[in-house]
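The values are calculated or read from the model by the stated rules, or taken from the named source; none is laboratory data. Just so it is clear, the structure is predicted and the values come from calculations on it, not from any experiment. Here the Cβ positions follow ideal geometry from the backbone for every residue, glycine too, while neighbour counts run over all protein chains shown.
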Amino acid sequence: MTSSPTRRTLIAGAAAVLAAPRLALGADAKTLRFVPRTDLGVLDPIWSSAIITRNHAFMVYDTLYGQDSNFEPSPQMVAGHRIEADGRLWRLTLRDSLLWHDGERVLARDCVASIRRWGAKDAFGQALMAATDELAAPDDRTIVFRLKAPFPFLPHALGKSAAFFPAMMPERLATVGPSKQITEIIGSGPFRYRPDERVPGARNVYERFAPYKPRDDGTVSRTAGPKRVHFDRVEWITMSDPGTAASALRAGEVDWIDYPVIDLLPMLRSSPGVGVKILDPKGLIGVFRMNHLQPPFDNPRIRRAVLAAFDQSEFMQAVAGDDRSLWRDGVGFFCPDTPLASAAGMEVVTGPRNLAAAKRAIVEAGYKGEPVALIVSSDFPALKAMSDVAAETLQKIGLNVDYQSLDWGTVQQRRYKRDPVDKGGWSAFCTNYEGADLADPAGHLALRTNGAQAWFGWPSDPKIEELRDRWFLAGDLAEQKALAAAIQRAAFVSVPYIPLGQFFAPTAYRSNIKDLVDGFAIFWNVRRG
């Protein structure tokens, strides 16, 4: 495949990295300077499913349970729990000495309000709340779930670390509801956010929350175990130009780049004092999301025609280049190398691409030339690369593409609009999820098909929802696998989204930055050494 304009630009820019402008050297040993993958446009982790918002939020907010690298839960804010009434009653007890960043005590009623806000938005949370008869705080340290039926996944739900994770916040903030962004960022996590130092598009600042008391047990793994902080201050420095970020890292002006572009990796790997590694072995999975409420993608026949036209290898090569160790195709609706990944229905993805047949199918489906408003995150290289391939393929099969280049923050805002395209709505966008997000039906946000309550795009497929409900009741892994295979086959018919492949995004850092936690950009445990 010919390199996309994005990749050609980056390759040309790599040669000029050493000439990029320098940042002032001002950080002391207790300050960590970090370059995020894009600007932090949204601060509320219940309002946005963006990975960067999740990364920010885990600095500020704590969770009742943590999740280790095997995605098993362990107590975090809770001291423990007790299960009664044959699994229908759970009593969770908070640890002593938990404080909000404003100095107030963390109370059980704060957590109840936070769970309700999260449970109205998140796919896993919706399942937990549907199984709950009563959620209460009988005293300041006790959270009680009275369930309609046993729900053994309860700690897994409350400990999830992917998009829309259950961030605990004060009751007065949590009661605003999930459809409105909170404006005050108060958590009980190891870092306190400094809104007074925020410069949109340029900088976000966090300081160590001195009263925070990490757990004294367990092993640090993903979001599980003690959260010990070794920096007094963390500065997120937004750099829209990848070459400038790489130059700053080589010069020691920043400590860590979350997600350097692929074309700069050879130079970074050969640079003295720079380390490169993959934090998440589950990688990222590209997603093409269509708006099921508006034409043309309200028509399942057109969605299936696009699915048959898209070539995952083209998308992944545009994102990650020719190094096959950094990407894979043949990806279905569940993350590869996880228990529920299967070959069910995969011939529609792995078979030969036939653009002429797809173009005929579009016409036969009754396409009337409606514009396809493809909203593109122009400042996010991976998403732009996927969007460019999508636009080219859609045009080849006869769709009228309106390519709208926007910044990532605007795309996040725009996705909420359900209006027709001529009223400011949208037709499709490309994004990516962490592989962990797509490991099972419980937290698989993009695979929810509950209509108006679903993630942006709002697909509706009662069959997938019924199979998902049965999955929660499955008696063993064999039954879970069978149901997941049935879900995948159904998804290839209704096409809630199109999987675009899996890629692995290395992170780059100064060699004196030690003990990075596997999973994602986590700022506890990491130290300068």
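Residues checked against (1) within 29 Å of G159 (Cβ to Cβ); (2) in contact with a helix residue (DSSP H, G or I) (Cβ under 6 Å, 6 or more places away or on another chain); (3) of a type in the set (A, V, I, L, M); (4) not assigned by TED's automatic domain parsing to the domain that holds F165:
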position	(1), (2), (3), (4)
E197	no, no, no, yes
E207	yes, no, no, yes
T219	yes, no, no, yes
R222	yes, no, no, yes
H230	yes, no, no, yes
I237	no, no, yes, yes
D241	no, no, no, yes
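Taking first residues from region 287-305 that are more than 18 Å from I397 (Cα to Cα) and partners that are modelled with pLDDT of 95 or more and among the acidic types (D, E), the Cβ contacts under 8 Å between residues at least 6 apart in sequence or on separate chains come to N291/D298; H292/D298. If the condition is being at pLDDT below 95 and either farther than 23 Å from P214 by Cβ or among the small types (G, A, S) (or both), then region 507-529 contributes G519, G529. Only one entry of K227, K282 meets the criterion of being touching a residue at least 40 places away in the same chain (Cβ under 8 Å), charged (D, E, K, R) and closer than 18 Å to E434 by Cα, and that entry is K282.
Among the conditions (1) of a type in the set (G, A, S); (2) modelled with pLDDT of 95 or more; (3) under 21 Å from F315 (Cα atoms); (4) part of a helix (DSSP H, G or I), the only one that A382 does not satisfy is (2).
Within region 84-136, restricting attention to residues that are in contact (Cβ under 8 Å) with a residue 60 or more places away in the chain, closer than 30 Å to A454 by Cβ and polar (S, T, N, Q), the residue that is surrounded by the most Cβ atoms within 10 Å (Cβ to Cβ) is S114.
Of all residues in region 255-276, those satisfying the criterion of being of a type in the set (A, V, I, L, M), within 27 Å of the chain's Cα centre (by Cα) and not in a strand (DSSP E or B) are V261, I262, L264, L265, L268. Restricting R8, R37 to residues that are modelled with pLDDT under 95 and either among the hydroxyl-bearing types (S, T, Y) or in contact with a Phe, Trp or Tyr (Cβ under 6 Å, 6 or more places away or on another chain) (or both) narrows the list to R37. Just so you know, in region 183-198 the residues that are at pLDDT 95 or above and either β-branched (V, I, T) or surrounded by fewer than 17 Cβ atoms within 10 Å (Cβ to Cβ) (or both) include one that is nearest to T238 (Cα to Cα), and it is R198. For region 236-250, the criterion of a residue being under 30 Å from G80 (Cα atoms) and not in a strand (DSSP E or B) is satisfied by no position. Screening region 137-173 for residues that are in a strand (DSSP E or B) and among the aliphatic types (A, V, I, L, M) and picking the one that is surrounded by the fewest Cβ atoms within 10 Å (Cβ to Cβ) gives V144.
What are the pairs, 6+ residues apart or on separate chains, where a residue within region 333-353 that is touching a residue at least 40 places away in the same chain (Cβ under 8 Å) and closer than 11 Å to K481 by Cβ has its Cβ under 9 Å from a residue that is of a type in the set (K, R) and in a loop (DSSP other than H, G, I, E, B)? That search, which allows pairs on different chains as well, returns T338/K282. Could you identify the single residue in A485, A436 that is under 30 Å from F209 (Cβ atoms) and assigned to a helix (DSSP H, G or I)? That would be A436, the only listed residue that is under 30 Å from F209 (Cβ atoms) and assigned to a helix (DSSP H, G or I). When we screen Y193, Y259, Y212 for residues that are in contact with a Pro (Cβ under 9 Å, 6 or more places away or on another chain), hydroxyl-bearing (S, T, Y) and under 25 Å from D102 (Cβ atoms), the only hit is Y212. Yes or no: D469 within 24 Å of the chain's Cα centre (by Cα) and surrounded by fewer than 17 Cβ atoms within 10 Å (Cβ to Cβ)? Yes.
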